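Read through the structure below, which is laid out as structure tokens, and then see the notes.
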Amino acid sequence: MPKAGIIYNDVKPIASRVAIELQDKLTAVGWDVSVTAGIGGMLGYSTPESPVCHTPIEGLTPPGFDSEMKFVVVLGGDGTVLAASRQVAPCGIPLLAVNTGHMGFLTEVYLNQLPQAIEQLMAGEYEIEERVMLTVKVFRGESVLWEALCLNEMVLHREPLTSMCHFEIVIGGHAPVDIAADGVIISTPTGSTAYSLSAGGPVVTPGVPVLQLVPICPHSLASRALVFPDSEPVNIYPVNIPRLVMVVDGNGGCYVLPQDRVYLERSQYTARFIRLQPPEFFRILREKLGWGLPHIAKPTSVELP
């Protein structure tokens, strides 16, 4: 019996309803279906009273989800897709992301396209696009206090955000650099269209094997976004007192104290996205962000030469 999974945003009634309908449809044609909510992939927030909220990377995989699954259908927006990627990446299960949110930059189809998409899935008529993920860890000495998989970006800043932060950052075996800014972002190519883009970083096409270091509102004209090979790990040493806040993929993180070290490296796991048509990144940039649209409107009532 073939196996499939469904991960949905249980806050959205339409996603909850479609999850049940889809489970019934797949079960009726002989599939073994496991269903879970995307909330299970959310990273717990630390608090001053509980500074460590640590769930091991492999501990986020839902019960019943394993490498034997042919695919997982994700019903939600980009936040649900980010959470689902953490839930299934250790098992290598490919994701079909269905947009029930707003932007849906990471999604493949809309709800009205779901019936045809399911037919293609069951027939195996699709490609798989792999996206790089990061392993993010917080060390105190040699002990791992916190870890997570990251598809978009890691952000490190002071609480509250309005204060200046100071960092010593070591990339690979290169000399340390000192950065004074409101915070720093380490971004994957997938995350280059998220917070990194808003902070002035470049857009990077998904297949380029690089990472980005982007200072947030730096206190120097010389501190600009840096693109470097994803084969080089990153160590960040905070200088601020009393603490910094780290956020991964916009939904969770932990407190980082001056004696801690943030370590990032390319993960052994990847996010595997199902593409029902050949992936075309420039088309997505145009549709979702308006990139490359004509900057001068051409009147339709006038015959152009």
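Within segment 200-210, restricting attention to residues that are open to solvent by less than 40 Å² (accessible area, probe 1.4 Å) and in a loop (DSSP other than H, G, I, E, B), the residue that is farthest from G183 (Cα to Cα) is P206. Taking the listed residues L26, L22, L43, the one that is modelled with pLDDT under 95 and aliphatic (A, V, I, L, M) is L43, with no other qualifying.
Are there strands (runs of 3 or more DSSP E) fully within segment 211-274 with at least 1 residues that are without any contact (Cβ under 8 Å) to a residue 60 or more places away in the chain, open to solvent by 30 Å² or more (accessible area, probe 1.4 Å) and in contact with a strand residue (DSSP E or B) (Cβ under 8 Å, 6 or more places away or on another chain)? List them.
On the way: elements: 226-229, 234-238, 244-248, 252-256.
Counting at least 1 such residues, we get 226-229.
Considered as a group, the residues in segment 14-40 that are within 17 Å of L114 (Cα to Cα) and not hydrophobic (A, V, I, L, M, F, W, C) include one that is least open to solvent (accessible area, probe 1.4 Å), and that residue is S16. Scanning segment 210-249 for residues that are among the hydroxyl-bearing types (S, T, Y) and over 21 Å from the mean Cα position of the chain (by Cα) gives S220, S223, Y237.
So that you can scan it fast, the table gives a plain yes or no per residue for (1) out of contact with any helix residue (DSSP H, G or I) (no Cβ under 6 Å at 6 or more places or on another chain); (2) within 22 Å of Y269 (Cβ to Cβ); (3) modelled with pLDDT of 95 or more:
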{"position": "R140", "(1), (2), (3)": "yes, no, no"}
{"position": "N152", "(1), (2), (3)": "no, yes, yes"}
{"position": "H157", "(1), (2), (3)": "yes, no, no"}
{"position": "P160", "(1), (2), (3)": "yes, no, no"}
{"position": "V184", "(1), (2), (3)": "yes, no, yes"}
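The values are calculated or read from the model by the stated rules, or taken from the named source; none is laboratory data. None of the values given here were measured: they were computed from a predicted structure. Note that we place each Cβ from the backbone using ideal geometry, even for glycine, and neighbour counts take in every protein chain shown. All accessible areas refer to the heavy atoms of the entire protein, side chains included, with ligands and DNA or RNA removed. Shrake-Rupley method; radii C 1.70, N 1.55, O 1.52, S 1.80 Å.
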